[in-house]
1. Restricting to the stretch 1-10, give me the number of residues that are aliphatic (A, V, I, L, M) and away from the ligand (no atom under 12 Å from the Cβ).
2. Can you pull out the residues in the stretch 79-115 that are more than 16 Å from Val27 (Cβ to Cβ), within 15 Å of the ligand (Cβ to nearest atom) and acidic (Asp, Glu)?
3. Picking from Arg71, Arg55, Arg36, which residue would you name as being surrounded by 15 or more Cβ atoms within 10 Å (Cβ to Cβ), of a type in the set (Lys, Arg) and within 20 Å of Arg153 (Cβ to Cβ)?
4. Which of the residues belonging to the stretch 154-196 are away from the ligand (no atom under 16 Å from the Cβ) and either at pLDDT 95 or above or touching a Phe, Trp or Tyr at 6+ places or on another chain (Cβ under 8 Å) (or both)?
Amino acid sequence: MNLVLLGAPGAGKGTQAEKISERYGLVHISTGDIFRENIKKETEIGLLAKSYIDRGELVPDEVTCAIVKDRLRWKDCKNGFILDGFPRNLFQAERLNVFGHIDGVINIEIDPKLLMDRLLGRRVCEKCGANYHISLLGGKTVCEKCGGTLIQRKDDNPETVAARLKVYEAQTAPLTEYYGNKKGILMTFQSTEEPPEALFREIAAALDGKFKK
Ligand code: AMP
């Protein structure tokens, strides 16, 4: 089963992708994580990506598509993958059609009023990338999964978040129509203030119904 996860920044894609990947044994491919890893290691891709990410803009399509195309060739993707943060515009979606096969698209909708709080309150593990919200951490500063330090992403600041949301509206939101026109692959869910497990139960029920053997 090969899936794409769509949704605004802060909709909870990363958290849901982790859960889906765990339950269905899919490789979780997050282009944002790949870029952040490259930035940490100061690779050529990292240096290039950093300037775009810091401004809340998209990293150029050619670079991003080449990374995903290469990653999907790895053997571990044979049993299925979930793409989190790719495609982010129509160009990338068209390219993905050429180098990958997609069985389902999970679209997470969210009230825009919830997004700022989610993004500004988000803390991520420096080591494994797990996501938390500061309101639920009770003062904890280390990751409960791996013990890594929890930090705030550099692009989770009010100015960059505003830019990212604009980019989402202009470039990524049209993908719901794009995939909606491909018969039967789009599944839309609402992200609310409920704990992420509630949304995951809905997503898992839909996936079980759709892809049961
Ligand atoms: P994310 O972790 O998905 O929120 O991505 C963080 C940042 O990485 C985005 O704001 C973009 O600058 C960049 N990025 C991630 N995925 C893509 C993509 N598919 N195309 C272009 N830029 C991306």
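1. 2
2. Glu94
3. Result: Arg36 is the single residue among Arg71, Arg55, Arg36 that is surrounded by 15 or more Cβ atoms within 10 Å (Cβ to Cβ), of a type in the set (Lys, Arg) and within 20 Å of Arg153 (Cβ to Cβ).
4. Passing the criteria: Glu177, Gly180, Ile185, Leu186, Met187, Thr188, Phe189, Gln190.
The values are calculated or read from the model by the stated rules, or taken from the named source; none is laboratory data. Fair warning: this is a prediction, and the values are worked out from it, not measured in the lab. All Cβ positions, glycine included, derive from the backbone under ideal geometry; neighbour counts span all protein chains shown.
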